[in-house]
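Heads up, the thing below is written out as structure tokens.
Every number here is computed from the coordinates shown, using simple stated rules; none is lab data. In this text, all values refer to a predicted model and were calculated from it rather than measured experimentally. Positions of Cβ are generated from backbone atoms using ideal geometry, with glycine treated the same way; all protein chains shown enter the neighbour counts.
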Amino acid sequence: MRSTDAYATLGTMELPIKYRGRQATREDVAFIRRLIAAHPNDSRRCLSVKLCQAWNWVQPNGALRDMVCRGFMLALHRAGYIRLPAKKCSPPNPLVERQKPAAINIDQKPIVTALKNIRPLTLRQVRRSRLENLYNSLVEAYHYLGYCQPVGEQLKYIVFAGPTPIGCLAWSSAARHIGCRDRFIGWSADSRRKHLHLIAYNTRFLILPKIPS
């Protein structure tokens, strides 16, 4: 841990720490120090939750920005501005150790008929439902990119013809920076930060091979 003397001698209010668009300030450091002192037995996660609540640091859907907040505090900790409590546990990283979706077999007999004969089609949102595993399995088995866990907010859909799944679609949160997109839209950095949550990415589009091309 580096000395915190740099914090005491800085003449500006901003610190040379910026994380996920948030510029750290001396006031931030002072507040977090008081929070840690007031809750000496709290874990890093508990402190992060309290800080999000105190700052009303939330996602557009109202959920706390807990992971972003933890990253922000860790950056301050590593730079020597605050001292976080020692880790109480080191859970496995699911992004590193994620297993492939289990195979779920479905009837893949080709459907050779006009679209009007398999209507009506039903688009079902399956995120956090008993059908999400089916979606994951189908995308892993039949999409040329395979299955990849979406990041951030996400929606998963299965298209059914009667009881038979025939397609999968997914959307997720937009990436923070994409040069060609940002130039096409023509927005400023500030406008991008304010409106990025209004963009969704179509991360997967799959028509199952039982539907002949």
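Quick notes
- Residues whose amide H falls under 5 Å from that of I166, counting only those 5 or more places apart or on a different chain, are V159, F160, A161, with hydrogens built in the peptide plane.
- When +1 charges are put on Lys and Arg Cβ atoms and -1 charges on Asp and Glu Cβ atoms, the dipole computed for the chain relative to its Cα centre reaches about 100 debye.
- Backbone HN-Hα couplings from phi across the stretch 21-26 [Karplus 6.51/-1.76/1.60, Hz, Gly and Pro as x]: x, 9, 8, 6, 10, 4
- Taking other Cβ atoms within 10 Å as a rough exposure proxy, D182, D28 sort from fewest to most as D182, D28.
- Per residue, the average separation of C-alpha pairs within less than 8 Å and at least 6 apart gives the stretch 115-207 a relative contact order of 29 percent.
- Evaluating 6.51 cos²θ - 1.76 cosθ + 1.60 at θ = phi - 60° for every residue in the stretch 30-40, the Karplus couplings come out as 4, 5, 5, 4, 5, 4, 5, 5, 6, 10, x Hz, glycine and proline recorded as x.
- Annotation for the stretch 176-213: chymotrypsin sites (Phe, Trp or Tyr not before Pro) lying in DSSP loop with at most 12 further Cβ atoms inside 10 Å of their Cβ do not exist.
- With the gyration tensor restricted to C-alpha atoms of the chain, the semi-axes of the equivalent ellipsoid amount to 46, 20, 14 Å, longest first.
- Lys-Lys pairs in the chain that are eight or more residues apart or on separate chains and whose Cα atoms lie under 19 Å of each other come to 6.
- For the chain, the relative contact order comes to 16 percent (Cα pairs under 8 Å, sequence separation of at least 6).
- Residues whose amide H lies under 5 Å from that of L15, counting only those 5 or more places away or on a different chain, are A24, T25, R26; hydrogens are built 1.01 Å from N in the peptide plane.
- HN-Hα J in Hz across the stretch 54-59 - Karplus 6.51, -1.76, 1.60, θ = phi - 60°, x for Gly and Pro: 5, 8, 6, 8, 10, 7
- Only helical runs count toward this figure. For the chain, summing -39,500 (n - 2.57) over DSSP H runs of n ≥ 4 and dividing by all residues gives -9500 deg cm²/dmol at 222 nm.
- With the charge dipole of the stretch 5-78 set up from +1 on Lys and Arg Cβ and -1 on Asp and Glu Cβ about the Cα centre, the Cα lying farthest toward the positive end among the listed residues Q59, F31, N41 is that of Q59.
- Paramagnetic label reach from R127 (point 7 Å along Cα→Cβ; backbone nitrogen cut-off under 12 Å): within the stretch 147-184, residues 150-157, 170-174.
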